[in-house]
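What follows is calculated from the coordinates using simple rules that are stated; it is not laboratory data. Computed from a predicted structure; not experimentally measured. Methodologically, a virtual Cβ is constructed for each residue, glycine included, from the backbone with ideal geometry; neighbour enumeration extends over all protein chains shown.
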Amino acid sequence: MSTLEAALLKAEKWGAQYAEVRFHKNFSSQLIMLNGNIISNEQDSSSGYSLRTYREGHLDFYSDDTSPPEPTSTPIGRGWEVGVDLHGEVGNVEFSYEGRQSFREVDLAEKLELLKGIFDQARALKLNSKLERLTLNYWEGVEEKEVVNSIGLRLRSRVGRVGLWYSFTLKEGDKYITASVEEFGNSGGFEKVKEWRAMEAIAERIRSVDDLVSRGKAPSPGKKDVIVSGMIAGIIAHESGGHPFEADRVLGREAAQAGRSYLNKDWIGRRMGTRVLNLVDDPTLEGSMGFYIVDDEGVRARRKFLIKDGVVNELLHNRFTASRWETRSNGSSRAMDYESEPIIRMSNTFFLPGNAKFEELLEDVEDGVFLKSYMEWNIDDTRWGQRYVGLEAYEVRRGELGDPLKFPVLESTTGEIYSSVDMVDDTLTFYPGTCGKGEPSQGVPVWLGGPDMRMRGVRVKVLE
């Protein structure tokens, strides 16, 4: 009998209706380069054990860095949870996704050469403004888990992840503009780095922002047709779609720390968007940041249709919210590390593409805006009111892209945005992110994305 199984047996003898024991190990390293000079070369690791038990209406969590904990608490009163969904036994599961080229096979010199090459090419660009600063942050890591639970799960998994974040500052006269971009990130190995073509992509973005600095003009405010790129669609999907569809948030479990949701149980089956709008959360995408095949409670991962043809279809559930809603968990439970309890998390949240071409989105727009990337965004704590400030943005006149615009603001509500989308194109782009949630806070890897989408008659403001 393994150490984890022995701990599980003790928890079951203690009287747990449901118990899970987890070994969780994380290793990561990062390189940060500023203007061609390495300013940080760090490594971090953590490993340990956790135990979670449900008994008499109480869900308790324990962690220890040396051995599996034992249950010790005596329940008093009632907890937030009122039951547990015990369906979905998966048995023995093993999966590894570390790619074709292990991070260990690539020496430090090659990684430094990658970053230095990006900086040298950026420095050589012919720009109207001056490149004052370019920061490159390369990171890689491996997450390893072993989980057993009282429903029959025996899970072993290893997933590698790698990413590159960058920011730059351009100066023209006495004016500065700074852009920060999380553009590259995958599960897998070092081979993903070569697929990014990061050098070309970063150079293109610097040129684009340089053009904005030198030629950009102020947008005219008012109601307009707005086309958003997959990058903007992704942040909309994540912030106004994914978070409010977390069933624990709907039930108020994190109201004091992060707010509530505009949704309630009565919204299932309710129309909140146009028929072209389909929002999914899908952890089964190989190569994605949020990839897994079984969640931390032993439920098989699957694609979840949060919104289907514009209609609210399902929420993100774990075993405990599923019990309260009289449904079944859809495999949405994850923990950041051994010290963190598994909670409902997004994985890869995005709008599905359609059949149109980008040119069709432009065709009959007389006076509009194309938001290609964002400088900032914010959203209220019910995830209803929100705004997105464009960085790379362009006017659309009589069906064609025009001059760059300086910082147009899309200010709207979730309902208005979702009900104004009349066309989505056939592209699908993803961007990596670290989704924060919980108290203490947990950051887990995700993808967010979507196609280019057109909204009719939404409010555009000027940044004040």
I need the Kirkwood Rh of region 188-253: take the reciprocal of the average 1/r across all distinct C-alpha pairs and report it in angstrom. 16.2 Å
How much length is gained on full extension from Glu363 to Ile268, taking 0.36 nm per residue of separation minus their Cα-Cα distance? 30.7 nm
Give, to the nearest whole percent, the P(r) tail of region 3-215 beyond 28 angstrom, counting all Cα pairs. 50 percent
Measure nothing fancy, just the Cα-based angle from helix 198-215's long axis to the longest principal axis of the chain, in degrees from 0 to 90, nearest 10. 50 degrees
Want the number for Gln257 to Lys13: 0.36 nm per residue separation, take away the alpha-carbon distance, what's left? 84.3 nm
Please rank Ser208, Ser329, Ser102, fewest neighbouring Cβ atoms within 10 Å first, as an exposure proxy. Ser102, Ser208, Ser329
What ranking do Glu110, Glu172 get, fewest neighbouring Cβ atoms within 10 angstrom at the top? Glu110, Glu172
Relative to the present Cα-Cα distance, how much length would full extension add between Asn355 and Arg275 at 0.36 nm per residue of separation? 27.5 nm
Cα gyration tensor shape of region 285-358, rounded if a/c is under 1.5, else prolate or oblate by comparing a/b with b/c: oblate
Using 7 Å Cα-to-Cβ label points, what is the Lys223/Glu195 separation (nm, one decimal)? 4.4 nm
Express in whole angstrom the spacing between the alpha-carbon centres of region 143-205 and region 109-128. 18 Å
Once you have the Kirkwood Rh of region 340-436 from its Cα pairs, apply Stokes-Einstein at 20 °C and 1.002 mPa s and quote D in µm²/s. 137 µm²/s
Which of Lys357, Lys372 comes first, and how do the rest follow, when ranked by fewest Cβ neighbours within 10 Å? Lys357, Lys372
Relative contact order in percent for the chain (Cα pairs under 8 Å, 6+ apart) equals 17 percent
What is the ratio of the Cα radius of gyration of region 231-383 to 2.2 N^0.38 Å, with N the residue count, to two decimals? 1.11
Only helices counted: for the chain, with every DSSP H run of 4 or more residues adding -39500 (n - 2.57) and the sum spread over all residues, [θ] at 222 nm is -5000 deg cm²/dmol
Between region 400-423 and region 279-318, how far is it from one alpha carbon centroid to the other, in angstrom? 27 Å
Equivalent ellipsoid semi-axes, the chain, via Cα gyration tensor eigenvalues times 5, rooted, Å: 41, 29, 17
Mean shadow area of region 400-454 over all directions, Cα convex hull, nm²: 6.3 nm²
Please give the helix 108-123 orientation as an angle from the longest Cα principal axis of the chain, in degrees from 0 to 90, rounded to the nearest 10. 30 degrees
Placing +1 on the Cβ of each Lys and Arg and -1 on the Cβ of each Asp and Glu in the chain, which of Trp14, Thr274, Val228 has its Cα farthest towards the positive end of the resulting dipole? Thr274
At a Förster distance of 60 Å, what's the computed FRET efficiency of Tyr176 paired with Thr66, Cβ-Cβ distance as r, to 0.05? 0.75
Volume per residue of the C-alpha convex hull in region 117-169, rounded to whole Å³: 97 Å³
For Ile227, what residues show an amide H to amide H distance below 5 Å, using hydrogens built from the backbone and excluding near sequence neighbours? Val369, Phe370, Leu371, Met455
In this structure, the FRET efficiency calculated for Ser45 and Asp309 from their beta-carbon separation, with R0 = 51 Å, to the nearest 0.05, is 0.65
